[in-house]
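Encoded as structure tokens, the structure appears first; notes follow it.
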Amino acid sequence: MKNSSNDNRAFIGIVFVSIIILSFLFWLIYGHESSFSESAHWTRNLPAVNAFFNFSTCSFLIFGFWAIKNGYKRKHITSMLLATFSSALFLVCYIWYHSLYGDTKFSGTGFIRSIYFVILISHIVLSMVQV
């Protein structure tokens, strides 16, 4: 019974921290004025850096899944730690980028716009679960 109580407290704590983080990110993207200056033009490359960190995280997760399925516990642990680290670096770059540029509008039209929003919405929902 004690385990259940600890699990409930942990769950409530995780939900609380997640709500705070998501509220901050929502404010950062939609309620914060951008502070971009021309001297920081190199920061326009941060989306590519974010894509690299996302790819790295995905790769580490896939490798970690393979490792644990094949009994390589140490490789699995290392892979999960690397996935966590690259995901944290993504979050830092993401916050940095949006603190400089704020919300970015998608200018595509037609069918590609629909595809973009399906991917975006699924990405948002999955990131909420991840947090």
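Residue pairs whose Cβ atoms lie under 8 Å apart, separated by 6 or more positions or on different chains, with the first residue in segment 39-60 and touching a residue at least 40 places away in the same chain (Cβ under 8 Å) and closer than 10 Å to TYR94 by Cβ and the second among the small types (Gly, Ala, Ser) and assigned to a helix (DSSP H, G or I), are PHE53/SER86; PHE53/SER87.
State all residues of segment 26-46 that are at pLDDT 75 or above and surrounded by 14 or more Cβ atoms within 10 Å (Cβ to Cβ); if no residue qualifies, say none. Give the derivation first.
So in segment 26-46, the residues at pLDDT 75 or above come out as 26-27, 43-46.
Hits for segment 26-46 are THR43, LEU46.
Is it true that some residue in segment 48-64 is modelled with pLDDT of 85 or more, closer than 20 Å to ILE124 by Cβ and open to solvent by 70 Å² or more (accessible area, probe 1.4 Å)? So far as segment 48-64 goes, yes, one or more of its residues are modelled with pLDDT of 85 or more, closer than 20 Å to ILE124 by Cβ and open to solvent by 70 Å² or more (accessible area, probe 1.4 Å). None of LEU89, LEU81 is farther than 13 Å from VAL49 by Cβ, free of Cβ contacts under 8 Å to residues at least 40 places away in the same chain, assigned to a helix (DSSP H, G or I) and not polar (S, T, N, Q) except LEU81.
For segment 73-81, the condition of being of a type in the set (Ser, Thr, Tyr) and closer than 20 Å to LEU126 by Cα holds for none of the residues.
Candidates in segment 65-113 are the residues that are among the β-branched types (Val, Ile, Thr), open to solvent by 60 Å² or more (accessible area, probe 1.4 Å) and closer than 16 Å to TRP27 by Cα; of these, the one that is modelled with the highest pLDDT is VAL92.
The values are calculated or read from the model by the stated rules, or taken from the named source; none is laboratory data. Because the structure is predicted, anything quoted here is derived from the model rather than measured. Counting neighbours? That spans all protein chains shown, and the Cβs are built from the backbone with ideal geometry, glycine included. Accessible surface areas use protein heavy atoms only, side chains included; no ligands, DNA or RNA. Shrake-Rupley method; radii C 1.70, N 1.55, O 1.52, S 1.80 Å.
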